[in-house]
1. Quick check on region 252-271. Is at least one of its residues buried (at least 20 other Cβ atoms within 10 Å of the Cβ), within 29 Å of residue 315 (Cβ to Cβ), in contact with a helix residue (DSSP H, G or I) (Cβ under 7 Å, 6 or more places away or on another chain) and at pLDDT 95 or above?
2. Somewhere in region 359-369, is a residue surrounded by 19 or more Cβ atoms within 10 Å (Cβ to Cβ), under 30 Å from residue 251 (Cβ atoms), at pLDDT 95 or above and within 22 Å of the chain's Cα centre (by Cα)?
3. For region 67-105, which positions are part of a helix (DSSP H, G or I) and without any contact (Cβ under 8 Å) to a residue 60 or more places away in the chain?
4. For region 155-211: of the residues being farther than 30 Å from residue 224 by Cα and part of a helix (DSSP H, G or I), which is nearest to the chain's Cα centre (by Cα)?
5. Every residue in region 37-60 that is closer than 23 Å to residue 126 by Cβ, in a loop (DSSP other than H, G, I, E, B) and out of contact with any strand residue (DSSP E or B) (no Cβ under 9 Å at 6 or more places or on another chain), please.
6. If only one of 36, 100, 22, 88 is more than 24 Å from residue 328 (Cβ to Cβ), surrounded by 17 or more Cβ atoms within 10 Å (Cβ to Cβ) and more than 14 Å from the chain's Cα centre (by Cα), which one is it?
7. Considering only region 320-343, how many residues are surrounded by 14 or more Cβ atoms within 10 Å (Cβ to Cβ) and either touching a helix residue (DSSP H, G or I) at 6+ places or on another chain (Cβ under 7 Å) or not in a helix (DSSP H, G or I) (or both)?
């Protein structure tokens, strides 16, 4: 989970970055719950794909265990955009040129893609579910989006807003009709290009869950929000929860109409049906709901006083070592599952394992974060 966040700004503008780090830490905790559910309880959702139908939940706990984790991926892409802008701003003040910053993000993006292919995919194989030879996961999409969006850092905010709107609406038109699910033969390079760039699909050789274009909109919006923070941090955080409420209202309207923006129609009219959304690729309703909640949380965290900031300190520790946490936690929960619960557990019994993993990772992330701040380690670790 890359941040793009400038290390030196933490010392001089900790108040500015507390809310960003704390929100990143919170969605990291939610992400860990999702993967503990997968590796330990063996009850991970089969996916919310554009053509495979919605997963069925038989109780509220099972649904909510999955639902809260939906905040994670959109939050990571958004906060990466925020961090990239703040990084570029800090480096520009230190005399970096435009191409030096682009080169930096090209390297970081390539590192993320390499970690996905060479390291993270090995962790997924421990789940025993028969993973493809090449898996296009969240790090691959984050790295690719970082490379692309590094060229947008110098655009005016109005153009960034326009690009984000075009992407969130335009990518909705690129999703195939649901009845075409499973019909792609992957007999030509064009089919693989679509899987990597536009909509999830694949075969035993390559499977894409996170095509690049549908997630790029959130990075662009994050860059835009970074501009707002740089201009007036107090106003930016004050606007966050207001924009979040606006996005939730838009979600309610589009979800109620049950047409464009949903990709798949609702299965029924229960509250679970209204919140059971297409994530792969992110439907407009998915993006509006998750980003609405993320922005409200960001606005609330920005209001935390010093006592509350101390209470949220563990989230900040996780939030300042996102990529490290991501890689380590996958192998940790996979190991706990294979060692302590090889046959899986009940959903309720999984929760203590999730908390155990967080407790183990806290001191490790704390030490890693401190190591990252000091030379010569930071020369290498800044790319991680």
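1. No - not one qualifying residue is present in region 252-271.
2. no
3. Matches in region 67-105: 68, 69, 72, 92, 93, 98, 99, 100, 101, 102, 103, 104.
4. Top of the filtered list is 192.
5. 42, 43, 44, 45, 46, 55
6. 88 is the lone residue from the list that is more than 24 Å from residue 328 (Cβ to Cβ), surrounded by 17 or more Cβ atoms within 10 Å (Cβ to Cβ) and more than 14 Å from the chain's Cα centre (by Cα).
7. Total satisfying the criteria: 16.
Conditions (1) buried (at least 21 other Cβ atoms within 10 Å of the Cβ); (2) in contact (Cβ under 8 Å) with a residue 40 or more places away in the chain, marked per residue:
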position: 143; (1), (2): yes, yes
position: 157; (1), (2): no, yes
position: 185; (1), (2): no, no
position: 190; (1), (2): no, no
position: 199; (1), (2): yes, yes
position: 204; (1), (2): no, yes
position: 211; (1), (2): yes, yes
position: 219; (1), (2): yes, yes
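The values are calculated or read from the model by the stated rules, or taken from the named source; none is laboratory data. No experiment lies behind these values; they were computed from the predicted model shown. Cβ coordinates were reconstructed from backbone atoms using ideal geometry, including for glycine residues, and neighbour counts include every protein chain displayed.
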